[in-house]
Amino acid sequence: MDSIKNVLIENSLVTAFALIGLTMYLSYFISTKLTRGKLHGSAIAIMLGLLLAYYGGTVTGGEKGLADISIFAGIGIMGGGMLRDLAIISTAFGVNFNQVKSAGAIGFLSLFIGIFLSFFIGVIVALSFGYSNAVDITTIGAGTATYIVGPVTGSALGASSEVITLSIAAGLIKSMLTMIFTPFAAKFIGLNNPRSAMIFGGLMGTTSGTAAGLAATDPKLVPYGAMTATFYTGLGCLLCPSLLYFIIQLTF
Amino acid sequence: MVIYGVAILAISMLIGVSAGELIGTLIGIDSNIGGVGLSMIILIVAVNSLSKKGRLKKPSQDGIAFWSAIYIPIVVAMAAQQNVVAAIKGGPLAVLAGVLAVLISFAAVPILSKSNKPKKENASK
C-alpha cells in the first residue's frame, strides 16, 4: 500500500490528470444517464470538484481543498494559477477579434459597474450586520468584489484579520455560486453570445467563477468572459482602497 | 512542430503578464492588471499575423488547441482546490453578500447587453 501511495505522491501531477480524468468521465456519465444531458457534464464536474475541495478542507483543515491531501497535491499544480492562466489564454485561439472590438467599450463599462455593484452590496450587508467602522465596511465591500480585492484592501487600510477573513469568505461564496449557477441563469440573462459574455465577465469579475461558469454554459464563450474578468481584480485593487474607501469615509 | 504552438502561447502569456505587472507598478498597486486579458490579445494578434503569412502549420496550431481543450479539466482541478470550508465558515454575512452580489450582477447582464446594441449581433452557436 505504502509503495503505491509513494508512486502517487512522487508523480503528483500525473495522479491529478488521472483523478480529474475519472471525475470528468463520472460527470459526463451522470449528465447523460441521470439528467439526459440537461445538466451539462462540466457543470457536474465543477460541483464535484467543489465537493472534493470541501472534503479535503474538512479532513486536513488546510486552505487548498483536496490539494492539501498529500496524494492529491498535484491538483494544486494542475488547477493552480500558472496552468489555469495558460489554459485560459489558449482559449483566445478561437476568438473572433471583431466581436471583441465591437463589445470592448461596453465590456470596459461593465467592469466599473460590476465593481461598484458588488462593493455596495457588500457595504449594505456589512451595515445590516452592525458594522459601522469605515475600514471594516470597505474591506467587506471589497471582498464581495473578489476574494483577492478584499484582503488587498483590508491590509492596505489596516483592517482586523477577522474582517479580512470575512471578506475573503464573501468573495469565495460569490465565486462558487457563479461557477454553479451560471449555466442555469444563462438562458434568462441572454448569456449566449460573445457580447453578453464580455459584459458578464466584467460584471462578475471573479476569473475563476466566470471561467468555470461559462465553461459549463458554452465553452465558446469562455475567452470573451475571461478577457474582461481578468481586468476586474486589478481595477478593484485600485478603486477599493482609494476612491471607494473615500466615499465610505465621507458617508460614515 | 507542436512545441512551436505551445511556445507562442507561453511567450504571449509571459509578455502579457509582465505588462500587467508593469501597469500595476506604474499606478502603484501590488496587483496584476489584466495580465491574462492582455496575453489573450497578444496571442490573437500573433496567431492572426502568422497564419496570414502561412507560418502557422497544423502541428503548431495543435500545440495551442491542446491547452484550450484541456481547459475545462483544469477548471475542475481549480474548483477542487478552493477553500470551500472557509467560505462556508464565513457564516451568514459572507453567504448573504455573495448571494446578493451574484443575483444582482446576473440581473445587470441583460440590462447592459440591451443598451447601445451594435447593428447586428451574431449568436455564438
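State all residues of region A:75-96 that are surrounded by 24 or more Cβ atoms within 10 Å (Cβ to Cβ) and not polar (S, T, N, Q); if no residue qualifies, say none.
Keep residues of region A:75-96 that are surrounded by 24 or more Cβ atoms within 10 Å (Cβ to Cβ), which gives A:75, A:78-79, A:87-92.
Listed by number, the residues that qualify are A:Ile75, A:Met78, A:Gly79, A:Ala87, A:Ile88, A:Ile89, A:Ala92.
Among the candidates B:Ile88, B:Ile72, B:Ile42, single out the residue that is within 26 Å of A:Gly213 (Cβ to Cβ) and more than 22 Å from the chain's Cα centre (by Cα).
B:Ile88
Just the residues that are more than 23 Å from A:Leu177 (Cα to Cα) and part of a helix (DSSP H, G or I), please, taken from region B:54-92.
Scanning region B:54-92 gives B:Lys58, B:Pro59, B:Ser60, B:Gln61, B:Asp62, B:Gly63, B:Ile64, B:Ala65, B:Phe66, B:Trp67, B:Ser68, B:Ala69.
Please go through region A:37-73 and pick out each residue that is farther than 22 Å from A:Ala211 by Cβ and among the hydroxyl-bearing types (Ser, Thr, Tyr).
A:Tyr55, A:Thr58, A:Thr60, A:Ser70
Give me a count of the residues in region A:92-109 that are in a helix (DSSP H, G or I) and either within 17 Å of the chain's Cα centre (by Cα) or at pLDDT below 90 (or both).
Looking only at that region, the number is 11.
Can you name every residue in region B:41-67 that is facing chain A (nearest Cβ under 9 Å), out of contact with any Gly (no Cβ under 7 Å at 6 or more places or on another chain) and free of Cβ contacts under 8 Å to residues at least 60 places away in the same chain?
Hits for region B:41-67 are B:Ile41, B:Leu43, B:Ile44, B:Val45, B:Val47, B:Asn48.
Considering only residues that are more than 7 Å from chain B (Cβ to nearest Cβ) and of a type in the set (A, V, I, L, M), look in region A:58-102 and name the one that is farthest from A:Asn11 (Cα to Cα).
That would be A:Val100.
Do you know which residues across region A:121-140 are within 11 Å of chain B (Cβ to nearest Cβ) and in contact with a Cys (Cβ under 7 Å, 6 or more places away or on another chain)?
Hits for region A:121-140: nothing passes.
Out of A:Ala87, A:Ala18, report the one residue that is under 30 Å from B:Val45 (Cα atoms) and free of Cβ contacts under 8 Å to residues at least 12 places away in the same chain.
A:Ala87
For region A:153-199, what are the residues that are more than 17 Å from A:Ser42 (Cβ to Cβ), crowded, with 22+ Cβ neighbours inside 10 Å, within 7 Å of chain B (Cβ to nearest Cβ) and of a type outside the set (S, T, N, Q)?
A:Leu166, A:Ile168, A:Ala169, A:Ala170, A:Leu172, A:Ile173, A:Lys174, A:Pro194, A:Arg195, A:Ile199, listed by residue number.
When region A:218-249 is examined, which residues are found to be outside any loop (DSSP other than H, G, I, E, B) and in contact with a Lys or Arg (Cβ under 9 Å, 6 or more places away or on another chain)?
A:Lys220, A:Tyr224
So for region B:1-17 (the condition being aromatic (Phe, Trp, Tyr), surrounded by fewer than 21 Cβ atoms within 10 Å (Cβ to Cβ), more than 7 Å from chain A (Cβ to nearest Cβ) and free of Cβ contacts under 8 Å to residues at least 60 places away in the same chain), does at least one residue qualify?
Among the residues of region B:1-17, at least one is aromatic (Phe, Trp, Tyr), surrounded by fewer than 21 Cβ atoms within 10 Å (Cβ to Cβ), more than 7 Å from chain A (Cβ to nearest Cβ) and free of Cβ contacts under 8 Å to residues at least 60 places away in the same chain, which makes the answer yes.
The values are calculated or read from the model by the stated rules, or taken from the named source; none is laboratory data. Remember, predicted model here, so these are calculated numbers, not experimental data. Cβ coordinates were reconstructed from backbone atoms using ideal geometry, including for glycine residues, and neighbour counts include every protein chain displayed.
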